[in-house]
1. Straight-line reach from K185: which aspartates and glutamates have a Cα under 17 Å away, not including same-chain ones fewer than 8 places off?
2. Could you compute the net charge surrounding G190? Neighbours are other residues with a C-beta less than 13 Å from the C-beta of G190; K and R count +1, D and E count -1.
3. Note down the magnitude of the dipole of the range 110-202 about its Cα centre, charges +1 on Lys and Arg C-beta and -1 on Asp and Glu C-beta and zero elsewhere, to the nearest 20 debye.
4. Would you mind computing, in nm to one decimal, how far apart the modelled labels at K141 and T222 are, each placed 7 Å from Cα along Cα→Cβ?
5. Could you identify which residue out of V66, V189, V106 has the top mean-square fluctuation in a GNM of the chain using Cα springs shorter than 10 Å?
6. Residue by residue, what Karplus-based ³J(HN,Hα) values in Hz, rounded to whole numbers, does the range 31-42 have, using 6.51, -1.76 and 1.60 with θ = phi - 60° and x for Gly and Pro?
7. If you build the Cα gyration tensor of the chain and take the root of 5 times each eigenvalue, what three semi-axes come out, in whole angstrom, biggest first?
8. Work out the FRET efficiency for S45 and K148 from their Cβ-Cβ distance, taking R0 = 35 Å, and round it to the nearest 0.05.
Amino acid sequence: AVSMATVVGAMPVYAAGETEKEVSKEETVYVIADANGKANKVIVSEWLKNQKGSDTLKDQSNLKDVKNVKGDQDFTKGSGDELTWNAKGSDIYYQGTSDKQLPVDVTVTYKLNGKTVSAKELDGASGKLTMEFTYKNNTGKTKKVNGKNVTIYQPFLMVSGLLVDNDKMSNVEVTNGKVINSGDKTVVVGMALPGLEESLGLADLTDSDGKKIDIDVPQKVTIKADVS
């Protein structure tokens with residue numbers, strides 16, 4: 001009844017070796033996860049844009065099982081993570097897998113009628129369901145700012161979505177997101193910015209009278225629905 005997807009919008013692990021004028025690189029990271037959000041497989045797609053139509057393109061990549069997914073251009077592996085593609089003037093589209101830690105971890109938990117349950121226990125169940133997506137930003141680094149040690153995180157906008165069958169789920173609500181009902185199906189999209197509140201020190205903000213300023217930055221996504 002439910003399909004889930006989480007998109008990581010940027011992953012600063014791999015960088016093109018040529019100058020930006022000659023070649024630029026666009027990267028998409030696909031995370032195939034289980035029902036609890038744990039990554040089972042990470043697939044990375046790369047697009048090397050051959051701006052000048054060069055015969056060869058140099059790239060840096062630590063991906064495994066690298067393969068060209070559009071064309072027959074091959075590559076040679078140099079020292080370290082260097083790849084040299086026999087581009088023949090064309091753009092290169094290639095794909096590989098990664099075992100590196102993701103910049104943000106996602107955890108999905110479930111409650112049915114107020115009781116914490118596993119995803120397997122939802123099979124065939126009915127009642128009031130609450131799903132919670134929580135995110136852990138793994139990019140934190142300690143920096144000294146104005147004499148104080150603070151943790152700074154690389155900012156990521158996390159977008160998690162569900163496509164649900166309206167015969168199985170109804171009265172769908174989401175925090176920090178939007179519900180779009182098309183009749184037979186409902187699309188639920190939620191967003192969060194894990195680590196941004198800590199990076200900006202928003203918890204310590206006060207006004208001129210010393211009163212705490214409450215600025216709410218989305219840290220998780222909660223979806224509620226009636227299920228049958």
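Every number in this text was worked out from the coordinates using simple rules, so none of it is lab data. Note that the structure is a prediction, hence the values are computed from the model and not measured. Counting neighbours? That spans all protein chains shown, and the Cβs are built from the backbone with ideal geometry, glycine included.
1. Output for K185: D165, D167, E173, D226.
2. That sum, taken over residues with Cβ under 13 Å, equals +1.
3. Once rounded to the nearest 20, the dipole reads 540 debye.
4. It is 3.5 nm.
5. The residue with the greatest mean-square fluctuation here is V66.
6. Residue by residue, the range 31-42 yields 10, 8, 10, 7, 5, 9, x, 5, 6, 8, 8, 10 Hz.
7. Listed largest to smallest, the semi-axes of the chain are 38, 27, 15 Å.
8. The value I calculate is 0.30.
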